[in-house]
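All remarks here apply to the structure that follows.
The values are calculated or read from the model by the stated rules, or taken from the named source; none is laboratory data. These numbers were taken from a predicted model, which means no experiment stands behind them. Neighbour counts are summed over all protein chains in view; Cβ atoms, including those assigned to glycine, are modelled from backbone coordinates with ideal geometry.
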Amino acid sequence: MRKELIVFASGKPVKVIIRNYTIEDVDGLIDIQKACFPPPFPSELWWREDQLREHVARFPDGAICAEAEGQLIGSMTSLLLREDSLTGYHSWESITDGGYIRNHDPLGDTLYVVDLAVIPAFRKSGIGRWLMSSLYELVVHLRLKRLLGGGRMPGYALAAGEKSAVQYLKDVTAGINNDPVISFLLRCGRMPVGVMENYLDDEESCHYAALMEWRNPFLSPNQERVE
């Protein structure tokens with residue numbers, strides 16, 4: 001994957017390249033993590049070189065990044081899983097193999113999002129949406145059923161004393177509450193399908209996550225992926 005586009009950062013047009021990342025991008029990808037997830041987010045959850053090597057080796061199509069003026073400004077990682085392996089409860093740790101994606105299934109019908117990060121300086125420029133739409137394109141290209149992933153709910157800690165995580169998600173969807181992550185995912189076309197408890201070590205979300213999907217609109221219900 002490789003495409004070029006213009007985004008506006010602080011009112012200035014900037015040329016951006018969205019492409020698959022490679023092992024040569026390791027340092028830049030780790031710098032993105034540090035900028036996007038400062039404490040209290042656990043530093044041990046930042047990408048490590050051995051994890052990134054697995055991403056590139058096992059599913060390079062699902063490992064994408066955004067680059068501007070020679071600097072990596074965002075990244076997104078995914079793996080393929082079978083829909084029947086996603087029934088019931090799972091955590092980020094279990095479903096992503098601790099971020100190593102060694103459980104990637106080339107015959108999977110669901111593109112599962114492992115991570116999405118955009119550095120603060122470019123968060124108002126639409127990079128996150130472009131990365132997301134690039135994976136939607138991959139879902140269509142591979143004739144998958146859907147894109148799925150757990151979204152952090154960093155606004156929930158402020159509301160946890162008043163409502164359950166399920167009610168908080170309903171209220172964000174209804175516009176009663178605004179959540180920086182879930183509201184963004186809704187604007188990207190993702191739809192909530194459930195709430196996961198103890199999904200991630202994330203105090204801001206009280207360790208909850210909203211399971212959010214995007215269904216392939218070009219795949220009829222009775223179609224199967226053909227290899």
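In the condition set (1) touching a Phe, Trp or Tyr at 6+ places or on another chain (Cβ under 9 Å); (2) on the phi > 0 side of the Ramachandran plot; (3) not polar (S, T, N, Q), GLY175 is compliant with all but (1).
Within the range 159-218, the set of residues being loosely packed, with under 14 Cβ neighbours inside 10 Å, assigned to a loop (DSSP other than H, G, I, E, B), among the acidic types (Asp, Glu) and in contact (Cβ under 8 Å) with a residue 24 or more places away in the chain comprises GLU197 only.
Among the residues making up the range 106-137, those that are in a helix (DSSP H, G or I) and not hydroxyl-bearing (Ser, Thr, Tyr) are PRO120, ALA121, PHE122, ILE127, GLY128, ARG129, TRP130, LEU131, MET132, LEU135, GLU137.
If I filter the range 2-23 down to residues being at pLDDT 95 or above and not in a strand (DSSP E or B), which single residue comes out as surrounded by the most Cβ atoms within 10 Å (Cβ to Cβ)? Ranking the candidates gives TYR21 first.
Per this entry, LEU148 is counted among residues that are of a type outside the set (S, T, N, Q), within 30 Å of ASN20 (Cβ to Cβ) and in contact with a Phe, Trp or Tyr (Cβ under 9 Å, 6 or more places away or on another chain).
Could you list all residues from the range 72-98 that are assigned to a helix (DSSP H, G or I) and surrounded by 14 or more Cβ atoms within 10 Å (Cβ to Cβ)?
Across the range 72-98, the qualifying residues are SER85, LEU86, TRP92, GLU93, ILE95.
Filtered by the rule that a residue be surrounded by fewer than 19 Cβ atoms within 10 Å (Cβ to Cβ) and over 21 Å from ALA35 (Cβ atoms), the range 60-71 gives PRO60, ASP61. Only residues that are buried (at least 18 other Cβ atoms within 10 Å of the Cβ), closer than 24 Å to ARG2 by Cα and not aliphatic (A, V, I, L, M) were counted in the range 40-52, giving 2. Selection of the range 71-89 for residues being at pLDDT 95 or above, over 18 Å from THR22 (Cβ atoms) and of a type outside the set (D, E, K, R) yields LEU80, LEU81. Checked against (1) buried (at least 21 other Cβ atoms within 10 Å of the Cβ); (2) in contact (Cβ under 8 Å) with a residue 60 or more places away in the chain; (3) in a helix (DSSP H, G or I); (4) not basic (Lys, Arg), HIS55 meets all criteria but (2).
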